[in-house]
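Below is one structure, written out as structure tokens; the observations come after it.
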Amino acid sequence: MSAAGIFVRPELGAALLLVPAAAVVALVLERRRTARLARAVGPRARWLARETSAGARRVRGALLLAAAALAIVAAMEPRWGVGPRRVEQRGVDLVVCLDVSRSMRARDLPPDRLTAATDGIRRLAARGRGDR
């Protein structure tokens, strides 16, 4: 099966190439940071600037890059299992709101507005087949 069959948006796959590029940039920046610190502080730079160990920084960077790669894959919208299928529509869901205030007792529609409205709703419900 091709990538176009697995992913809804396979065109975003090219963005995955940015992850190794970001790893290279991060590595270069880390080496520059270490060299600047060594020039500024001297041989005791590692002891004075122990915010985290180099190993912990590498793990944190690797996890960040893995998260970026997974976010790109998620944006590609992977799909597994059964493909698209037609679903037969069997009617519609209909909601009717009826005003039951005293103004509905007015006699401008025979016998009154409320009775005329409920009769209309009954006729509408009788026409619906398979509708809810």
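The values are calculated or read from the model by the stated rules, or taken from the named source; none is laboratory data. This structure is a prediction, so every number in the text was calculated from the model and none was measured. Neighbour counts are summed over all protein chains in view; Cβ atoms, including those assigned to glycine, are modelled from backbone coordinates with ideal geometry. When the accessible area is computed, the model is the full protein with side chains, heavy atoms only, and any ligands, DNA or RNA have been set aside. Shrake-Rupley method; radii C 1.70, N 1.55, O 1.52, S 1.80 Å.
Quick look at the values:
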{"quantity": "Total residues in region 39-55, condition open to solvent by less than 50 Å² (accessible area, probe 1.4 Å), in a helix (DSSP H, G or I) and either more than 22 Å from V24 (Cα to Cα) or at pLDDT 75 or above (or both)", "calculated": "2"}
{"quantity": "Qualifying residue in region 63-83 (condition: without any contact (Cβ under 8 Å) to a residue 12 or more places away in the chain and touching a Gly at 6+ places or on another chain (Cβ under 9 Å))", "calculated": "yes"}
{"quantity": "Residue list for region 106-132, filter: under 12 Å from L94 (Cα atoms) and of a type in the set (V, I, T)", "calculated": "I121"}
{"quantity": "Whichever residue in region 91-105 is of a type in the set (V, I, T) and open to solvent by 80 Å² or more (accessible area, probe 1.4 Å) and, among such residues, is nearest to R123 (Cα to Cα)", "calculated": "V95"}
{"quantity": "First in region 106-117 and without any contact (Cβ under 8 Å) to a residue 40 or more places away in the chain, second anywhere and among the basic types (K, R) and surrounded by 13 or more Cβ atoms within 10 Å (Cβ to Cβ), Cβ under 7 Å, 6 or more apart", "calculated": "A106/R113"}
{"quantity": "Unmet requirement for R58, which otherwise passes all of (1) more than 22 Å from G13 (Cα to Cα); (2) within 29 Å of the chain's Cα centre (by Cα); (3) at pLDDT 80 or above", "calculated": "(2)"}
{"quantity": "Conditions (1) open to solvent by 70 Å² or more (accessible area, probe 1.4 Å); (2) under 24 Å from R132 (Cβ atoms); number of the one not met by D108", "calculated": "(2)"}
{"quantity": "Any hit, region 101-114, residues being of a type outside the set (V, I, T), at pLDDT 90 or above and touching a Gly at 6+ places or on another chain (Cβ under 8 Å)", "calculated": "no"}
{"quantity": "Any hit, region 79-90, residues being modelled with pLDDT of 90 or more, small (G, A, S) and open to solvent by less than 100 Å² (accessible area, probe 1.4 Å)", "calculated": "no"}
